[in-house]
Amino acid sequence: MKIKQRMGALAALSVAVTLAAGPAFSAEPPVSIAFLAGIIGDPFYTSMECGAEAAAKEFNVDLSWTGPTAWDIAQQQPFIDAALQSHPAGVVLAPTDSKALIATVKSLMDGGTPVVTVDAPIDEPVDLQSIQSNHYLGGVAAGKAMAQVTSGDGTYLVLGLHPGLPDIDARVRGFTETFPKDHPKAIILPVGYPETSATKAAELVSAAIQANPDLKGVYATHYAASVGAAAAILQAGKKGDIKVIAFDAAPEQVRDLKDGVYDALIVQEPYLMGYESVKTVAGVIRKTIDKATIKHDNLLPFTIATRDNIADPDVSKYLYVDKCP
């Protein structure tokens, strides 16, 4: 009871602080923050946008949101260049290339413009903070989920994005480095790289099904790969026979999980990434947050969604959305 009372008191204090802070922020001119997403239209990033918009409203931020329709630095760079032409006071960036954007981020930071990166890291810690999932542990969790729905022998296919991406590669390694150790009879096929094309992912899975009659499972490390994998398995009439573990929890994935196409989803926290990044950048601009107190690596946890727990409020609250409320 004392714990509940204490939590209630803390909640009341939080509300009081928020209410007290609101007029102070609204009395100040808004600060401008440019948010450069990795992929526009992807439910993961739509959920992130919802969090960013909530923080922008709470902390009086003039927020711009833009980005490409594919995870490609060649497509993202023009959006970055255009956004920086307006000289925003702060930047949130989902880097689609871990090397190419180092110089841009360093130049902004050196010039006094705080930059927080989200979802994927850059190779040098020149940004103010990096907010992302613990990708490797997500891959480990995917392996454990696969072990719960298969015998651990037979053949398995892993779908990455393209080689050289530190976040997706970590999701791959988390699975390929741990699942075979616990299941030495398992055969892991060469990693497939469909990029952000569901069509390419479907082609890779279809080819694996034809070449490997003992294909037991597919692990998809991102949304597009999972959609393609699901389509190929349904086309082959293998729903339920070939187990699918996938990252992310878009509405389509949740529907297919309930229908038995997927067996587990590794759910990230994109809403929190959007909210915390905007909150942090706004606080640094206004000097209500001391940069020296900010921990560079902010690794967020994940939730495992299955057919057994998908209706649990502690799980369903993390599912992604197609549009903000």
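The values are calculated or read from the model by the stated rules, or taken from the named source; none is laboratory data. Quick caveat, the model's predicted, so the values are computed rather than measured. Reconstructed Cβ throughout: ideal geometry from the backbone, glycine too, with neighbour counts over all protein chains shown.
For this structure, a couple of remarks:
- Residues of the stretch 76-99 satisfying the condition of being buried (at least 16 other Cβ atoms within 10 Å of the Cβ) and over 22 Å from the mean Cα position of the chain (by Cα): 83, 84, 88, 89
- From 102, 168, residue being within 22 Å of residue 49 (Cα to Cα) and either under 23 Å from the mean Cα position of the chain (by Cα) or β-branched (Val, Ile, Thr) (or both): 168
- Any hit, the stretch 240-262, residues being surrounded by fewer than 22 Cβ atoms within 10 Å (Cβ to Cβ), among the hydroxyl-bearing types (Ser, Thr, Tyr) and at pLDDT 95 or above: no
- Search result, residues across the stretch 51-75 that are surrounded by 19 or more Cβ atoms within 10 Å (Cβ to Cβ), out of contact with any Leu (no Cβ under 7 Å at 6 or more places or on another chain) and either among the hydrophobic types (A, V, I, L, M, F, W, C) or in a helix (DSSP H, G or I) (or both): 55, 59, 61, 63, 65
- Matching residues, the stretch 32-43, being of a type in the set (A, V, I, L, M, F, W, C) and either assigned by TED's automatic domain parsing to the domain that holds residue 223 or crowded, with 22+ Cβ neighbours inside 10 Å (or both): 33, 34, 35, 36, 37, 39
- Selection count, the stretch 132-158, where residues are in contact with an Asp or Glu (Cβ under 6 Å, 6 or more places away or on another chain) and either under 25 Å from residue 118 (Cβ atoms) or not in a helix (DSSP H, G or I) (or both): 4
- Residue that is modelled with the highest pLDDT [pool: residues in the stretch 19-41 that are assigned to a loop (DSSP other than H, G, I, E, B) and farther than 17 Å from residue 117 by Cβ]: 30
- Selection from the stretch 97-110 of residues that are out of contact with any Asp or Glu (no Cβ under 6 Å at 6 or more places or on another chain) and either assigned to a loop (DSSP other than H, G, I, E, B) or closer than 24 Å to residue 271 by Cα (or both): 97, 100, 101
- Members of the stretch 206-248 found to be over 23 Å from the mean Cα position of the chain (by Cα) and either at positive phi or among the hydrophobic types (A, V, I, L, M, F, W, C) (or both), listed by number: 207, 208, 209, 211, 215, 232, 233, 234, 236, 237, 240, 242
- Checked against (1) surrounded by 16 or more Cβ atoms within 10 Å (Cβ to Cβ); (2) within 30 Å of residue 181 (Cα to Cα), residue 123 passes all but condition (1).
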